[in-house]
Amino acid sequence: MRTTVGIIGAGPAGLLLARLLHRAGIDSVVLEARDRAYVEARQRAGILEQGTVDVLRECGAGARMDREGLRHDGIELRFDRRRHRVDFPELTGGKSVMVYAQTEVVKDLIALHTDEGGPLLFEAKALAVEDPDSEHPRVRYVHEGVEQTLECDYVVGCDGFWGVAREAVPRELSRVFERTYPFGWLGVLADVPPSNDELVYARHDRGFALLSMRSPEVSRLYLQVPDGTDPDEWSDEEIWDELERRFETADGWSLKRGPVTSKSVTPMRSFVHEPMRHGRLFLAGDAAHIVPPTGAKGLNLAVSDVVTFARGLVRLRETGSADRLDAYSETCLRRVWQAERFSYAMTTTLHRAPDATAFDDRLQLARLERIATARSAATDLAENYTGLPFG
Ligand code: APR
Ligand code: PHB
């Protein structure tokens, strides 16, 4: 098979890229290792930055998001049994975020692409990207038990952290920057209306907790747990008791409980692979970088990467200039490192490290106090949370 852009992976990065290219009249083929049901059921984060919302609308993928998504104009920080709201539009000149689950974005993009777009092959596992620095890179893959080759003008590796695309960058040119954290998040979905209208990020001596939501009827809640925790170690009642302790306020706020419908543990890491481009191979999304989920940046970074690639390719086609495409890695990495910085700051301000001292605790509280009292500190949080401009 032959195509202009070979896309490995049908997560949000690969699917949105296929959509953007289709709208620009550029053909692509998407190869996805898993089956459609698996890809559509995967539970991930759920906060869309303003720029992500705008891109989904512009490419005709925003209809259900606009009907079912929840626009949020702020978040609450909770510490020392106090509550502090950060108002996004007021601090950013009108920006907000949308609560709409990544899994719903994925379903919407698959439905659109299946109706209107080019080939999207499920259960097609890429084995390797070959000759990335030639004019015609190839993807070797297995589909229906048969090994095949996809010949491309460009390959975009949207195959997540565990994918194969990154391996095609020669080892001597690759640099990896990484940090793991000695804790993870135990996440639950519960059939109970969210106990707060907006997300609550709580810092507590027992560890971090987050209250989020999927709809007016479904809550999404997280607890910081030690690295390697088995979700089955926690009964539903123990989870609710712990959430209640960490969210407790002096003003008698109360947490509504309900049936837990799913439970899982996510490890936390920061990871960046440089460069994000080698010849005609481009890396996008989790294939190139991971952020801990505290800043809600993972999906949004995947979106800004593929928008940068699509704009670069459209510009090359329309003007003959490859300048934007050539600057892909630098353009993306500038934004990636800002997201890494923000996600790290949110993570280390709100989580309790196993070896934390009383000094560390006081510093965390001082940082939160600064956000609560200095407009400049609150503005920095609001600007980064609602999203820095795309490159
Ligand atoms: N061949 C084909 N597909 C592959 C291969 C392979 N060898 N390896 C992985 N994949 C597929 C995975 O099955 C998955 O569907 O690539 C896809 C990668 O999708 P994601 O992991 O969702 O990554 P990405 O699209 O970059 O999305 C960004 O933001 O919220 C964060 O981590 C979260 O998924 C999220 C990410
Ligand atoms: C979620 O709703 O899953 C969620 C929200 C905010 C985050 C991370 C995850 O920072």
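The values are calculated or read from the model by the stated rules, or taken from the named source; none is laboratory data. Not measured: the values here are computed from a predicted model. Here Cβ is always computed from backbone atoms with ideal geometry, including for glycine, and neighbour counts include all displayed protein chains. These area figures cover heavy atoms from the full protein model, side chains too; ligands, DNA and RNA do not enter into them. Shrake-Rupley method; radii C 1.70, N 1.55, O 1.52, S 1.80 Å.
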**Prompt:** If Gly252 satisfies every condition in (1) open to solvent by 50 Å² or more (accessible area, probe 1.4 Å); (2) at pLDDT 95 or above but one, which is the exception?
**Reply:** (2)
**Request:** Using the structure shown, decide if Leu221 is without any contact (Cβ under 8 Å) to a residue 60 or more places away in the chain and within 16 Å of ligand 2 (Cβ to nearest atom).
**Result:** yes
**Search result, residues across the range 160-218 that are open to solvent by less than 30 Å² (accessible area, probe 1.4 Å), farther than 20 Å from Thr347 by Cβ and polar (S, T, N, Q)** = Ser195, Asn196, Ser215
**Item:** Selection status of Val272, more than 16 Å from ligand 2 (Cβ to nearest atom) and out of contact with any Asp or Glu (no Cβ under 9 Å at 6 or more places or on another chain)
**Value:** no
**Prompt:** Does the range 287-338 hold any residues that are within 16 Å of ligand 1 (Cβ to nearest atom) and either not in a helix (DSSP H, G or I) or not assigned by TED's automatic domain parsing to the domain that holds Gly163 (or both), and which are they?
**Reply:** Ala288, His289, Ile290, Val291, Pro292, Ala296, Lys297
**Item:** Residues located in the range 259-286, provided they are open to solvent by 20 Å² or more (accessible area, probe 1.4 Å), of a type in the set (Gly, Ala, Ser) and in a loop (DSSP other than H, G, I, E, B)
**Value:** Gly279
**Item:** Which listed residue is open to solvent by 60 Å² or more (accessible area, probe 1.4 Å), in contact with a helix residue (DSSP H, G or I) (Cβ under 7 Å, 6 or more places away or on another chain) and in a helix (DSSP H, G or I), from Arg362, Arg367
**Value:** Arg367
**Message:** Can you tell me which condition Ser215 does not meet? The list is (1) more than 12 Å from ligand 2 (Cβ to nearest atom); (2) over 19 Å from Val265 (Cα atoms), and all the others hold.
**Reply:** (1)
**Prompt:** Can Ala45 be described as of a type in the set (Gly, Ala, Ser) and more than 15 Å from the chain's Cα centre (by Cα)?
**Reply:** no
**Fill in**
Within the range 179-194, of all residues that are away from ligand 2 (no atom under 14 Å from the Cβ), of a type outside the set (Val, Ile, Thr) and assigned to a loop (DSSP other than H, G, I, E, B), the one farthest from Arg85 (Cα to Cα) is Asp191
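Table: residues versus (1) out of contact with any Ser or Thr (no Cβ under 6 Å at 6 or more places or on another chain); (2) not small (Gly, Ala, Ser).
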residue: Ile7; (1), (2): no, yes
residue: Arg19; (1), (2): yes, yes
residue: Ala24; (1), (2): yes, no
residue: Ala33; (1), (2): yes, no
**Fill in**
In the range 287-324, anything of a type in the set (Ser, Thr, Tyr) and open to solvent by less than 40 Å² (accessible area, probe 1.4 Å) is listed as Thr294, Ser304, Thr308, Ser321
**Fill in**
Checking Leu221, Leu243 in turn, the sole residue that is touching a helix residue (DSSP H, G or I) at 6+ places or on another chain (Cβ under 8 Å) and surrounded by 15 or more Cβ atoms within 10 Å (Cβ to Cβ) turns out to be Leu221
**Prompt:** Which of the residues spanning the range 2-23 are in a strand (DSSP E or B) and buried (at least 17 other Cβ atoms within 10 Å of the Cβ)?
**Reply:** Thr3, Val5, Gly6, Ile7, Ile8
**Of all residues in the range 24-55 being part of a helix (DSSP H, G or I), within 16 Å of ligand 2 (Cβ to nearest atom) and farther than 17 Å from Glu123 by Cα, the one that is most open to solvent (accessible area, probe 1.4 Å)** = Gln50
